[in-house]
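Values quoted throughout were computed directly from the atomic coordinates according to the rules given, and no laboratory measurement underlies them. Please read these numbers as outputs of a predicted model, since none were measured by experiment. So basically every Cβ, Gly included, is an ideal-geometry build from the backbone, and we count neighbours across all protein chains shown.
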Amino acid sequence: MSVRRLAEDKVQPQEFAFNADNKKWAKQTIAKYPKGRQQSAVIPLLMRAQDQDGWVTKAAIEHVADMLEMPYIRVLEVATFYTQFQLKPVGTKAHIQVCGTTPCMLRGSEDLIKVCKSKINEKPFETNESGTLSWEEVECLGACVNAPMAMVFKDTYEDLTPERFEEMIDEFEAGKDVKTGPQINRQFAAPEGGHVTLTDVPAKATKARKPAAKPASNTAPKPTAKQKAEEPGAKVKTPSKTAKKAAAKADDAEMKTPLFEAPEGQKDDLKLISGVGPVLEGKLNDLGITTYQQVAKLTKKQIAEVDDRLSFKGRIERDDWKAQAKALAKGGADEYRKVFGKDPR
């Protein structure tokens, strides 16, 4: 790791203070952290200081330390450890970070660095004569598929060539808006020039399998209609509206067929069980469940059957209907309050 030190005292400003908007933002950011953990805001505050002045000054480090009640050395350790912080003045219009990691190097980042040396300054971290541009080589910036690339402040510029890179530097110097992202005919990380695969879909994605060989015996049973429908390539008939209505009626009739024999006498108010509403109570009654005692004595098999009929898998056990019904059957609402510490629904 490179040694990172603060800029010389002669370029260091004597004071630092957040402007009104940034001061308000800093206080809101600090307040996001739990009491006693406000020092966790050190990195966001240092980044905001850099955004405001263009680099992290000694005065800014001390100001942030005072705000967070941290020793100066602790904030200095953070600022000098992370390479995202600029510790000396950089270009006011553009500080160019050229990725030099293997994918970018193999795709020509060394030629980009040569452009920086010729158009900005021979040395990294040194500005051009007007102080508007500077550059440095950095490690991976995370867009390897679009190598080579560079970052300027918080924007990335990808698929660079030396020629395009020279044009970009001139545009930065002129104060123009430079197109971000890929600099070639590519959308983000999509293939250059558009898709080259899966451009057409055949009418049949897969070929039908060959039918199985005929059995030796001539007495083999004929395939059923269901088996024919499941054969590869078989045409599936769409049910008619009449057939659909008939199937729906059959399903509805099956749903209302009682599973249990409802006991004689008055029905219990099943709505007092948490998780049972008027509609669900009606459906339970249709199945023959009308009393708390029935719910309290449901077996696992019966629970599975009710789940399947009413299509609410797991609700009986999740809401513990059996325990609720047992309390209601034993002593009504008073017993329910004694067991659960609250009123029934």
Exposure proxy check on Ile120, Ile73: fewest-to-most Cβ neighbours within 10 Å is Ile73, Ile120
Given backbone amide H placed at 1.01 Å from N, residues whose amide H is under 5 Å from that of Val138, ignoring those fewer than 5 places away on the same chain, are Val98, Cys99, Gly100
With Rg from the Cα atoms and Rh as the Kirkwood inverse mean 1/r over Cα pairs, the stretch 1-43 has an Rg/Rh of 1.13
In the neighbourhood of Gly194 defined by beta carbon distances under 14 Å, the net charge of the other residues (Lys, Arg +1; Asp, Glu -1) is -1
Residues whose built amide H sits under 5 Å from the amide H of Thr156, excluding neighbours closer than 5 in sequence, are Gly181
The relative contact order of the stretch 9-81, taking Cα pairs under 8 Å that sit 6 or more residues apart, comes to a percentage of 34 percent
Applied in sequence order to the stretch 104-112, the curve 6.51 cos²θ - 1.76 cosθ + 1.60 (Karplus, θ = phi - 60°) yields integer Hz couplings, x standing for Gly and Pro, of 6, 4, 5, 9, x, 5, 4, 5, 5
Mean projected area (nm²) from the convex hull of Cα positions in the stretch 9-81 is 4.7 nm²
Computed ³J(HN,Hα) along the stretch 292-308: with the Karplus parameters 6.51/-1.76/1.60, θ = phi - 60°, integer Hz and x for glycine or proline, the list is 4, 4, 5, 5, 5, 9, 4, 8, 4, 5, 5, 4, 5, 5, 5, 3, 5
HN-Hα couplings for the stretch 117-128 via Karplus (6.51, -1.76, 1.60; θ = phi - 60°), in whole Hz with x for Gly/Pro, come out as 5, 7, 9, 10, 6, 4, 9, x, 6, 9, 7, 6
Length gained, Arg164-Glu122, 0.36 nm per residue minus C-alpha separation, equals 13.2 nm
So for R0 = 22 Å, FRET eff. of Lys10-Thr92 from the Cβ-Cβ r, to 0.05, ends up at 0.75
Exposure proxy check on Cys104, Cys144, Cys116: fewest-to-most Cβ neighbours within 10 Å is Cys144, Cys116, Cys104
Put in order of increasing Cβ neighbours within 10 Å, starting from the fewest, Trp55, Trp135, Trp321, Trp25 give Trp25, Trp55, Trp321, Trp135
